[in-house]
Amino acid sequence: MRRYELVGRRDIRLVTDVAVPEPGPSEVLVRVRACTVCNRSDLAYFHYYGLREHCSQGCFGHEIAGVVEATGAGVQRVVPGQRVFVRTPLTTGYAEFALAREISVGALPDAVPFEQGALLQLLPLAVHATRGVRLGDRVVIVGQGPVGQMALRVAVARGAAEVVAVDLDDWRLERSSAAGADAVRRVDGSAGQLAAVGADFDVAVDAVGTPTTLNACVGLVRQNGLVVLLGTHHVDTHVTVDLVTWERKGLRVHSSAEPLDTARAEALAVAERLAHRRTDALRLPDLHTHTYPLDELPKAMEQLSASRALYPDAEQAPYDGPPPETLKVAIVP
C-alpha cells in the first residue's frame, strides 16, 4: 500500500510498497477514505520534529474516516464493511489502510461524507473537554480553529446560557455565529485585547494553546471558575502562570485528553450519538474547506503552515493569523 511517513523536520516521504498491517486482538483495520490534517498536532510534528521530543512520538495523521476492512479477535462493536471514524489510530491515516484499537473506532452515519466524517475525531475530544460545562453556564472559547469550533457546538448542546467565541479571524467567527455563538470577539491576540473580551465567565476554554491564551483564560473566569486546556501546547511546552492568582480565585482546571479507556469509551459513545442524532447541528460542511489527493499531502501541509499558531508566543511570526478561509483539509487516498 501507499503511505506517507514523517522522517524528519519538514520531511515527509511517500512509500509505495508498505505491507498492509494485520489487526491483532481488539484491533480494527480500516480502509482509509479520508484523513483530515490536524491543524495543531500534525503541523507541530511536521515543523518541530527533532526540536521537541514529543513531536517524533505522536501519530502523524490521526483523523480518519473509512470502511472496516478486517477485525482482530474479540472485536464486537464494528464489522467488516461498516463505515467508521477513528479517534486515535495506531498507524498513520495518510495511507490506504490504518490500524486502530476498537475503543478508538466510532460508527459513521451514512449521510456524512468521509471527508467530513474524518473530522469527527474532534467530537469525542470536545465532549470530554467540555464535561465541566453545566446548564446555564457562561462560556468563553478562545480560538475558533477546528477544535474550538467543535467545542463551541458541544457547549451549546450542553445548555450553556451564553457562549462567546474569540479569534483572530473574521471569517472563522462568521462560522462561529452560524454554529450558535451568542457573541463573537475579534482580537489581535494581545493580552490586552483578550482581557477586554469580558469577565466572570463560568468556563474559559483555551482552544489555541499558547502562554498568552492560557493566562487570558485565567483572567476571564470568575472565582472558582473552570479553565479548560483544549489547545495542545506543542510549541511553547513550558508555560509560566501566576499561581497566586490561581489560588486566590480558587480555579479548577480540566484537560481535554482522556486519561483512561473508560473516559475514552464514554466520550466516544456520546460523540456517536451526537453524530447520528444531531448531525445538522454539528455543521460539518462549515468545517471542511479543502480536499487534496494523498499524493498532494505536501501541498496541503504548505497551505496550512501559513499560520501564526506555529510560532513561539514570544517570537514575531510572519503571519497575523490562520491561513485565509481555511479550517479542515481532507486528504483522500
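Shown for Met301, Met1, Met150: other C-beta atoms within 10 Å of each C-beta, ranked fewest to most, produce the order Met1, Met301, Met150. Each of Ser255, Ser307, Ser104, Ser176 has some number of other Cβ atoms within 10 Å of its Cβ, and from fewest to most they run Ser255, Ser307, Ser104, Ser176. Principal semi-axes of the equivalent ellipsoid, √(5λ) from the alpha carbon gyration tensor of the range 124-255, are 20, 17, 14 Å from largest down.
With the charge dipole of the range 124-255 set up from +1 on Lys and Arg Cβ and -1 on Asp and Glu Cβ about the Cα centre, the Cα lying farthest toward the positive end among the listed residues Ala216, Pro124, Gly148 is that of Pro124. When semi-axes √(5λ) of the Cα gyration tensor in Å is calculated directly from the model, which label among (i) 32, 22, 18; (ii) 69, 18, 17; (iii) 41, 22, 21 fits? Matching entry in (i) 32, 22, 18; (ii) 69, 18, 17; (iii) 41, 22, 21: (i). With neighbour counts taken as other beta-carbon atoms within 10 Å, the residues Val221, Val139, Val197, Val15 rank, fewest first, as Val15, Val197, Val221, Val139. Helical runs assigned H by DSSP (4 residues or longer) give the chain a calculated mean residue ellipticity at 222 nm of -7500 deg cm²/dmol, each run adding -39500 (n - 2.57) before division by the residue total.
Distance between the C-alpha centres of the range 164-192 and the range 275-333: 17 Å, rounded to the whole angstrom.
We did not get these values from a lab; they are worked out from the coordinates using the rules stated. Just so you know, these numbers come straight off a predicted model, no measurement behind them. Cβ coordinates were reconstructed from backbone atoms using ideal geometry, including for glycine residues, and neighbour counts include every protein chain displayed.
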